[in-house]
Amino acid sequence: MTLTADGTAPNDDRAGFRRVVLKLGGEMFGGGQVGLDPDVVQKVAEQIAAVVRSGVQVAVVIGGGNFFRGAELEERGMVRARSDYMGMLGTVMNCLALQDFLEKQGVQTRVQTAITMGQVAEPYLPLRARRHLEKGRVVIFGAGMGMPYFSTDTTAAQRALEIGAEVVLMAKGVDGVYSADPRVDPDATLYTEITHREVIEKGLKVADATAFSLCMDNQMPMLVFNLLTDGNIARAVSGEKIGTLVRS
């Protein structure tokens, strides 16, 4: 069953998007394991390439959870800031892998990182990122915000605002935002639409509160959808009614 957050039937008037930020979790790149699953990366690259060929401008933010998770390393006694920097380096490895698979699809791609590493990526420059997008290139943002204590969810929200994206596409392993964990509660309801404020108030676990607050304060919509269904990225950018639309 699908409802809006206030319990009414959905009345979704989504339109297609022209410039998007796609947020990918690092765990998905690992296929649930440590490291990279090339089959997963290839399938994601194929979906992104199809969207770019349709004329949509795509920027990507990738997590690094398939290599390191700063919060988990902190629990084992590591200094949080240092463990977060390790996680940022993990995101760059994912970025380079996706770049390679995208270029094999014939899609020009640029990696920009918040930590300077000139031999493998450009520094993060929002104006240059905009120019790349206008030329039909995919821009992949690595190394998170370049600062500890900020998640890649927050990075996706901030980058979307700075480059003038119309939406943050939150690619997950579930169909959208539920009232409860559908793996535990068989009566969990899938929301087709919900506000940023309602997500925070209900304590729904989709992205961290900082990312949601940033989007809420700046009226940036987020679309939460299932990446594991082939073709869903194209459906999301075209305005097809999939997943959960989170907006003010």
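In the condition set (1) more than 16 Å from the chain's Cα centre (by Cα); (2) farther than 30 Å from Leu127 by Cβ; (3) of a type outside the set (S, T, N, Q), Asp217 is compliant with all but (2). Whenever a residue of segment 76-97 is in contact (Cβ under 8 Å) with a residue 24 or more places away in the chain and within 13 Å of Met145 (Cα to Cα), its partners that are in a helix (DSSP H, G or I) and acidic (Asp, Glu), lying with C-beta atoms within less than 9 angstrom and at least six residues away or across chains, give the pairs Asp84/Glu74. Comparison of Gly31, Gly55, Gly7, Gly16 shows that the only residue that is at pLDDT 95 or above and either in contact with a Leu (Cβ under 6 Å, 6 or more places away or on another chain) or surrounded by fewer than 18 Cβ atoms within 10 Å (Cβ to Cβ) (or both) is Gly55.
Each row is one residue, and each column tells you yes or no for (1) among the hydroxyl-bearing types (Ser, Thr, Tyr); (2) surrounded by fewer than 18 Cβ atoms within 10 Å (Cβ to Cβ); (3) in contact (Cβ under 8 Å) with a residue 24 or more places away in the chain.
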| site | (1), (2), (3) |
| --- | --- |
| Arg128 | no, yes, no |
| Lys135 | no, yes, yes |
| Gly142 | no, no, yes |
| Val177 | no, no, yes |
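Could you please find all residues in segment 28-73 being among the charged types (D, E, K, R), without any contact (Cβ under 8 Å) to a residue 60 or more places away in the chain and over 16 Å from Thr109 (Cα atoms)? Answer for segment 28-73, where residues must be among the charged types (D, E, K, R), without any contact (Cβ under 8 Å) to a residue 60 or more places away in the chain and over 16 Å from Thr109 (Cα atoms): Asp37, Asp39, Arg69, Glu72.
In this structure, does Gly87 turn out to be under 14 Å from the mean Cα position of the chain (by Cα) and crowded, with 20+ Cβ neighbours inside 10 Å? Criteria not met by Gly87.
The values are calculated or read from the model by the stated rules, or taken from the named source; none is laboratory data. Note that this is a predicted model, so its numbers are computed, not measured. Glycine also receives a Cβ, built like all others from the backbone with ideal geometry; neighbour counts cover every protein chain displayed.
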